[in-house]
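Below is one structure, written out as structure tokens; comments come after it.
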Amino acid sequence: MSPPAVLHINLSRQKLTLESAGTILFSCPVSSGKAGTGSQQGSGKTPLGRFRICKKIGAGLPEDTIFVSRLPVGRYPAAIPEGMNEHSDFILTRILWLDGLDPENVNTRERYIYIHGTPEEGLIGTPASHGCIRMTNADVADLYDLQAPQLACLPRLGEKSADNIIRSIRGSVEVPFRRVLFGLGIRFVGETTAKYLAEHFRSLDAVMRATREELTEADEVGGRIADAIIEYFADEKNLAIIRRLRAAGLKFEEEARELASESLAGRSFVVSGKFSRSRDEMKELIEMHGGRNLAAVSANVDYIVAGDNMGPAKLRKAEKLGVKIISEEEFIAMVSGQKAPAANGAEADSATTANTGGRNNGAPAATEGGDGEPVQQGELF
């Protein structure tokens with residue numbers, strides 16, 4: 001019997017991690033209650049303690065599906081219900097309904113505290129909800145689809161200890177540096193940003209020595225992320241963790257990677273939707289053939305590889321910015337060295353150089369609504 005998987009939600013770092021036997025199975029940034037922590041009815045606060053997932057809702061539905069009273073009513077924003085607008089807060093994509101297991105959080109279920117998707121993805125990584133745990137729509141769909149029966153119990157929300165961090169990433173001293181950097185749980189530093197930091201600085205020591213200006217020279221690193229990195233390494237508790245990881249023999253330097261080809265060199269991609277292969281495999285193909293994965297749609301993206309159920313918000317933004325949208329078949333043809341479709345209004349071939357100067361400082365804050373669906377009774381979170 002395989003060991004149970006456990007979700008840890010670190011509120012100080014706004015990060016969710018799914019672990020089993022000391023191995024990270026899944027990790028992503030989240031957004032908890034803007035009002036802080038607590039279990040009072042009507043407080044808008046995120047409860048602390050141990051929980052179980054009492055109900056999972058939304059299997060197989062497209063990303064951006066709107067839920068009203070836990071029932072799907074269509075996709076955001078086309079199906080916004082009467083009486084709500086695009087600035088209202090919505091429950092999107094999937095619902096993992098939490099039930100408290102401790103005396104102090106026993107009312108969690110009746111408060112309608114969920115893990116769910118949101119249209120306000122620019123606020124992920126900061127406390128901005130009305131008590132729920134928000135995730136990006138892609139992340140909550142991925143977490144839901146893991147289908148781990150062990151997700152029945154979620155241990156304590158709160159500060160992640162040094163021992164937890166060490167257990168989560170020291171399963172093998174062969175874990176690459178970018179995964180070690182990601183596993184540290186630095187606020188706003190997701191898997192993609194950790195990869196770019198590793199590629200740019202090549203070692204943890206270089207990241208730790210870097211000034212704010214030097215940090216923002218790395219792809220996908222803006223001022224907010226740079227400040228979070230500097231703050232992390234200024235904390236003696238975090239430095240103690242680094243020393244223990246170093247003593248354990250984990251890799252703190254990036255190794256040179258041999259490319260399969262340079263058919264995608266100079267081009268940047270966003271992968272969105274469902275494909276005949278996993279999104280991780282699609283991203284691996286991009287990197288193995290010299291391309292770059294970007295996390296969000298922007299003017300710095302050359303291509304969006306669109307699969308089934310691509311979110312309409314991404315589609316509209318891509319069309320507005322003139323980003324070329326290609327199918328999985330067209331992408332595979334590019335990997336094979338065939339002529340690429342025109343990118344950003346220009347004819348693209350194997351010698352085309354993509355835009356690479358972008359910085360990701362996060363989206364502006366959106367207006368808050370209720371962090372939950374309108375229901376006949378209970379709270380809206």
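Residue pairs whose Cβ atoms lie under 6 Å apart, sitting 6 or more positions apart in sequence or on different chains, and linking a residue in the stretch 196-212 that is at negative phi to a partner that is surrounded by fewer than 16 Cβ atoms within 10 Å (Cβ to Cβ), are Ser203/Glu253.
Find all pairs meeting these conditions: Cβ atoms under 9 angstrom apart; at least six residues apart or on different chains; first residue within the stretch 217-243 and in contact (Cβ under 8 Å) with a residue 12 or more places away in the chain and outside any helix (DSSP H, G or I); second residue surrounded by fewer than 21 Cβ atoms within 10 Å (Cβ to Cβ) and of a type in the set (A, V, I, L, M). Short answer, once both residue conditions are applied: Glu220/Ala295; Glu220/Ala296. Within the stretch 151-165, one or more residues are at pLDDT below 70 and among the β-branched types (Val, Ile, Thr). Residues in the stretch 29-71 that are touching a strand residue (DSSP E or B) at 6+ places or on another chain (Cβ under 7 Å), modelled with pLDDT of 90 or more and over 18 Å from Trp97 (Cβ atoms): Pro29, Lys34, Thr37. Note on the stretch 60-91: residues that are β-branched (Val, Ile, Thr), part of a strand (DSSP E or B) and either surrounded by 15 or more Cβ atoms within 10 Å (Cβ to Cβ) or touching a residue at least 60 places away in the same chain (Cβ under 8 Å) (or both) amount to 4. Applying the criterion of being hydroxyl-bearing (Ser, Thr, Tyr) and modelled with pLDDT of 85 or more to the residues of the stretch 167-224, the residue that is surrounded by the most Cβ atoms within 10 Å (Cβ to Cβ) is Thr193. For the stretch 266-296, a residue qualifies if it is assigned to a loop (DSSP other than H, G, I, E, B) and touching a Ser or Thr at 6+ places or on another chain (Cβ under 8 Å), and the qualifying residues are Gly266, Arg267, His289, Gly290, Gly291, Leu294, Ala295. Across the stretch 320-331, which residue is nearest to Ala265 (Cα to Cα) among those that are of a type outside the set (Asp, Glu) and surrounded by fewer than 17 Cβ atoms within 10 Å (Cβ to Cβ)? Among residues in the stretch 320-331 that are of a type outside the set (Asp, Glu) and surrounded by fewer than 17 Cβ atoms within 10 Å (Cβ to Cβ), the one nearest to Ala265 (Cα to Cα) is Ser327.
With the structure loaded, tell me whether Ser263 is out of contact with any Gly (no Cβ under 7 Å at 6 or more places or on another chain) and polar (S, T, N, Q) or whether it fails that test. Even if it seems obvious, please write down each step before you answer.
On the way: out of contact with any Gly (no Cβ under 7 Å at 6 or more places or on another chain): no; polar (S, T, N, Q): yes.
Here the answer is no, as Ser263 does not meet what is asked.
Criterion first (of a type in the set (Gly, Ala, Ser), modelled with pLDDT of 90 or more and closer than 30 Å to Asn137 by Cα) does Gly266 satisfy it? Before the answer, list the steps.
Values: of a type in the set (Gly, Ala, Ser): yes; modelled with pLDDT of 90 or more: no; closer than 30 Å to Asn137 by Cα: yes.
It is false that Gly266 is of a type in the set (Gly, Ala, Ser), modelled with pLDDT of 90 or more and closer than 30 Å to Asn137 by Cα.
Can you spot a residue in the stretch 307-315 that is assigned to a loop (DSSP other than H, G, I, E, B) and modelled with pLDDT of 90 or more? Within the stretch 307-315, one or more residues are assigned to a loop (DSSP other than H, G, I, E, B) and modelled with pLDDT of 90 or more. Each residue in the stretch 265-289 was checked for being buried (at least 16 other Cβ atoms within 10 Å of the Cβ), of a type outside the set (Lys, Arg) and out of contact with any helix residue (DSSP H, G or I) (no Cβ under 6 Å at 6 or more places or on another chain), and 9 pass.
The values are calculated or read from the model by the stated rules, or taken from the named source; none is laboratory data. This is a predicted model, so every value here is computed, not measured. When we count neighbours, we look across all protein chains shown, and the Cβ atoms used for this are built from the backbone with ideal geometry, even at glycine.
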